[in-house]
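The structure appears right after this line, and notes come after that.
The values are calculated or read from the model by the stated rules, or taken from the named source; none is laboratory data. For clarity, every value in this text was computed on a predicted model and none was experimentally measured. Note that each Cβ is placed from the backbone with ideal geometry, even for glycine, and that neighbours are counted across all protein chains shown. Side chains are part of the model used for accessible areas, which takes the heavy atoms of the whole protein and leaves out ligands, DNA and RNA. Shrake-Rupley method; radii C 1.70, N 1.55, O 1.52, S 1.80 Å.
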Amino acid sequence: MSSTTAASAGEVLDKVLGTKTLTVAVGTDWGEMSFLNDKHELDGYGVAVAKAVAERLGVQAQFVTPGWDVIVASNWQARWDLAMYMTPTKARAEKFDFPAVYFYEPVLAAAHKNSQATKLSDLGGKVVGVASNTAGESYVNRTLKPDWIGAQPVQFQFDPGEVKTYASTNIALDDLRLGDGVRLDAVLSSGPILRGAIKSGYPLKELDGIAFYAPSAIVAQRDDKEFSDKIAAAVQSMRDGGTLSQLSIKWYGVDYTSQK
């Protein structure tokens with residue numbers, strides 16, 4: 001394991017408590033999870049969860065916005081302490097620690113509103129867009145083997161004709177909004193992200209059926225168990241007190257904090 005991936009025991013917690021700052025990596029285009037609001041400030045469910053975690057540690061949350069590919073590559077070099085919103089697979093657990101799962105999202109597909117497709121199985125032979133390095137990418141390539149805690153067997157409901165990968169779901173959605181079949185026939189991604197795009201005016205429609213449910217976890221460097229335990233305790237406190245559910249309902253209108 002690279003030394004830039006692992007943290008020495010207590011190192012991250014000591015830094016966070018010493019600086020009174022919890023630095024958290026989020027995205028600017030992760031739908032209601034994290035986005036830039038009208039004031040050009042980071043906002044959303046994941047941002048609110050991170051702030052609540054920081055409050056329970058007695059520190060302030062500070063946010064950075066590296067690209068998803070940089071976050072998932074694991075070479076953080078102590079530039080941030082936590083990242084939000086990653087499916088905790090066994091392969092990723094070799095590089096990261098996952099102190100707490102705080103979100104369970106349905107993975108769905110959306111098509112242009114003019115598409116004849118109405119359900120997932122209609123996407124057989126179609127051109128489907130997906131964000132790279134995600135469980136959704138594995139699903140459309142029919143290689144997904146859910147290996148997270150509580151994972152249910154996955155049924156592949158279509159065999160695409162072509163898979164196009166993107167740096168983010170939003171870029172894929174921008175291609176899809178150009179028209180039915182212009183660049184894409186559909187996009188597979190987080191249900192909340194797709195529904196948020198439709199709500200904001202994208203000329204799309206949600207297709208019937210759920211590909212699978214995926215847990216999303218807070219991500220930390222490995223080997224600082226004390227720090228991870230503090231994060232886990234903070235999220236458990238939010239869960240027990242109802243704060244986690246309240247934040248999910250505030251941002252999504254639905255409680256996505258427990259497995260369906």
Here the percent of antiparallel bridges among DSSP beta bridges lying wholly in the chain, to the nearest 5, is 60
Estimated Rh, the stretch 173-240: Kirkwood, alpha-carbon pairs, angstrom:
15.3
Remind me, relative contact order of the chain in percent, using alpha carbon pairs under 8 angstrom and six or more residues apart?
29
Run the numbers for Ser258 and Asn114: contour at 0.36 nm per residue of separation, minus the present Cα-Cα distance, in nm.
48.4 nm
Calculated FRET value between Glu11 and Thr65, using beta carbons and R₀ = 30 Å, to 0.05
0.80
So for each of 76-86, 37-47 I average, over its residues, the number of other beta carbons within 10 Å; can you give me the resulting order with the highest mean first?
76-86, 37-47
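So which of Lys51/Lys145; Lys90/Lys205; Lys15/Lys95 end up more than 30 Å apart by C-alpha?
Numbers: Lys51/Lys145 33 Å; Lys90/Lys205 33 Å; Lys15/Lys95 21 Å.
Result: Lys51/Lys145; Lys90/Lys205 exceed 30 Å.
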Distance between the C-alpha centers of the stretch 83-162 and the stretch 219-243? Whole Å please.
26
By average Cβ neighbour count within 10 Å, what is the ranking of 16-22, 215-221 from highest down?
215-221, 16-22
What fraction, in whole percent, of alpha-carbon pairs in the chain exceed 30 Å separation?
27
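Using a 1.4 angstrom probe on the protein heavy atoms only, line up Phe227, Phe35 by accessible area, largest first.
The residues order as Phe35, Phe227, largest area first.
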